[in-house]
Each structure stands twice: as structure tokens, then as C-alpha cells.
1. Yes or no: A262 free of Cβ contacts under 8 Å to residues at least 24 places away in the same chain, more than 25 Å from K288 (Cβ to Cβ), over 26 Å from the mean Cα position of the chain (by Cα) and open to solvent by 60 Å² or more (accessible area, probe 1.4 Å)?
2. What pairs come out if I take residues in region 123-138 that are in contact (Cβ under 8 Å) with a residue 12 or more places away in the chain and in a loop (DSSP other than H, G, I, E, B) and pair them with residues that are open to solvent by 30 Å² or more (accessible area, probe 1.4 Å) and charged (D, E, K, R) whose C-beta lies under 7 Å away, six or more apart or interchain?
3. Counting only residues that are in contact (Cβ under 8 Å) with a residue 40 or more places away in the chain, among the small types (G, A, S) and over 29 Å from S284 (Cα atoms), how many does region 139-188 have?
4. With of a type outside the set (S, T, N, Q), modelled with pLDDT under 95 and buried (at least 17 other Cβ atoms within 10 Å of the Cβ) as the only criterion, which of D247, D238, D275 stands out?
5. Being of a type in the set (G, A, S) and buried (at least 16 other Cβ atoms within 10 Å of the Cβ) is the filter here, so list the residues in region 105-135 that pass it.
6. For region 183-235, enumerate the residues that are under 23 Å from G130 (Cβ atoms), aliphatic (A, V, I, L, M) and open to solvent by 50 Å² or more (accessible area, probe 1.4 Å).
7. Which condition from (1) open to solvent by 50 Å² or more (accessible area, probe 1.4 Å); (2) more than 22 Å from F199 (Cα to Cα); (3) in contact (Cβ under 8 Å) with a residue 12 or more places away in the chain is the one that D283 breaks?
8. State whether the residues of region 72-83 include one that is among the basic types (K, R), in a loop (DSSP other than H, G, I, E, B) and surrounded by fewer than 23 Cβ atoms within 10 Å (Cβ to Cβ).
Amino acid sequence: MARLAALTFLALVCSVTTCCHAEGYGSYGYPSPGSGSGGGYPSPTPTPTPSGAGLAVGFYDHACPNAEAIVRGVVKKAVEQNPGVGAGLIRMLFHDCFVQGCDASVLLDPTAANAQPEKLSPPNNPSLRGFEVIDAAKAALEAACPGTVSCADIVAFAGRDASAELSGGRADFAMPAGRRDGLVSNANDALNFLPPPSFNLSELITSFAAKGLDVNDLVVLSGAHTVGRSHCSSFTRDGRLNASASDMNPGLAASLRQQCPASPTVANDPTVAQDAVTPARLDSQYYKNVLNRNVLFTSDAALLKSGQTAAAVVVNAFVPGLWEQKFAKAMVKMASIEVKTGANGEVRRNCRAVN
């Protein structure tokens, strides 16, 4: 059995190595020293510019040369103090881009005119983290370059920088900028567009396709579940701990039953690590967890439900460094969803309120 598994894996690696070359998964661009991305990590050749509709790497090189370095400094300090904040910032970019596009609509606070913005929607409240880091980065940028750097770009930079910090620099990359901030934020939109952890594979594929992301992007971006924590309610309500109905590894299920109440409530909904092996490191361990059925969500387990996605899981699990390269590319692609540029939007003075 072990020999068969090894031979299967080698066959998959051989076939996917060719595919990866054809799809451009070679050396992926990192920020160059002159792009203002801030430091600490190697800086190979940047990605081609412009990238996305109206976006470009180094967008602030002249208007605010230290913009990316300022954001990276704030993120680095926050993640060093609490790695969970880094996971929150990666998730924030995903939750922003899937609703209204990447326009910082997730940052807007409730007002008399709009009592239910995105951040108060169940997918975001109370679990979404990192708002204070965005506030700190914006304050520093306003002091250096007033009215120049959009909150949407700060969210994108912060997601990139959190990835770099949590991966030890292995998932660092150039992030195109030039986004404008949106004026609309509605809690119902978050419910309509953010795929819940209970989704099956078909539902996930449809949700990602609606945002211009393909099956490969789905598998790669799911790997972000290698960091962060989840409320018990996110996986207990769809029967993941039910031994007769779930394919979860019995050992993990037994451990979670000790940590989670049978019926979580708002007052009693603990959190658990999404990846118990390397909970504070952005790496490919997630895919090994998927193969071993040591994952929390129905949406994670769903990646083994088709030959295409299962093969991608195997390759990401066992080819060193490949997932980090693909993750960088997928993050840039996701950060280009339905962006607002030029006169289509604004640069907020305060990320929590429209001007």
C-alpha cells in the first residue's frame, strides 16, 4: 500500500511538473528594492506591470515612495506580537474582495444611514480581525502622504505582508496597487458572496467562478487555512463532529469534542487552531492535513471529492515550495477582483468612514 501511494505520488508529480511549467509557475515576482515594499526578505524580479485593470506594481513610487514600507512595518510589528492577527489580515483581503470587489468596503463602520455594513455580517462578526492594524497603517500613511494611499491598497498590502511574515518570506510577492475605496457596504452582500465553510465542492467552484477564480485558485487559496483559528460553531453545526456522518479523522474529532460544546452559542463558542501541526506558520501543512482528514471544515474536506482537486492537494502537500509560489500568484489575482480605479471611488481619509 505504501509503495503504491509513493508510485501514485511520483506519477502525479511528474505530470504536474510539466503543467506547472506551462502555466507559469516558475519564479514568481517579488517586490524589488525600489518598489517601496519594505524589507527583510529577498527581492527577485517583480511581476509585470501593470497588473489587473488599472493596477500597477510600484503605484506609489513617486506619490508616496515609502507607502509599502510603512504598511509592512506596521504589519510586521503586529504579527510578531500576535501571529493570529496575520491570519486575520489574509482573511480580510479575501472577505473584502469577494464582496463589492477589493474596495475596503469591509472596513466601513455602521452609521445612522447604514446600520448594517459588511463588517457586522455573520461571516465577519465577531471573527474578522486586524482592523486596528489597518487603522495604524492608515494613520502612519496620512502623516507621511496625506490623502494619497487608499484603504483598499492598504488591505492588499497588509494581506501580502502578513503572508510574508507568517511564511518566513517564502510567500512574499509584488502586489499591484491603484485601487480606490468604495462607497457602499452592505451586510447582506457578505452573506450572498462569501462561501461558508459548509459548502461542498460544486458550491465552492461556483462561488469562486463568480469572481473570476478557477478551480486551481480555489485549491491554492484554501491553503490559507493553515493559519488562524476557527469558532467551533463554524464546523459543528454541519455535523463535522458526528462520527456517523463525517469523514473527519476520529482522533481530531475526539480532540475537538473535548474543546467544543455540543451546541455552541454566542456566549459559549470557543476557538480552535485550524492547523494543529503548524498553527502559526503559513506553509503547505494544510494539504497534508487534508489528505489525513485532519481538517475542520466541510469545504476543506471537499477538496478530495474530485480527481482534479485531489491531485492538486497531493502536489501542494509534497512538492517543496510549489504551493507558496502558486499562493503568491493567486493572492495577486484575487486582489484584482472588481477593483475600482481612477474616478471610480475615492481615497478615504479614515478607513472606517466614507469622506
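1. no
2. L128/R91
3. 8
4. D238
5. Of everything in region 105-135, those that are of a type in the set (G, A, S) and buried (at least 16 other Cβ atoms within 10 Å of the Cβ) turn out to be S105, S121, S127, G130.
6. Listed by number, the residues that qualify are L183, V184, L191.
7. (1)
8. Within region 72-83 (the criterion being among the basic types (K, R), in a loop (DSSP other than H, G, I, E, B) and surrounded by fewer than 23 Cβ atoms within 10 Å (Cβ to Cβ)), the answer is no, since none of the residues qualifies.
The values are calculated or read from the model by the stated rules, or taken from the named source; none is laboratory data. Remember, predicted model here, so these are calculated numbers, not experimental data. Heads up, the Cβs are rebuilt from the backbone with ideal geometry, glycines too, and the neighbour counts pull from every protein chain shown. Keep in mind that these areas ignore ligands, DNA and RNA; they rest on the heavy atoms of the full protein, side chains included. Shrake-Rupley method; radii C 1.70, N 1.55, O 1.52, S 1.80 Å.
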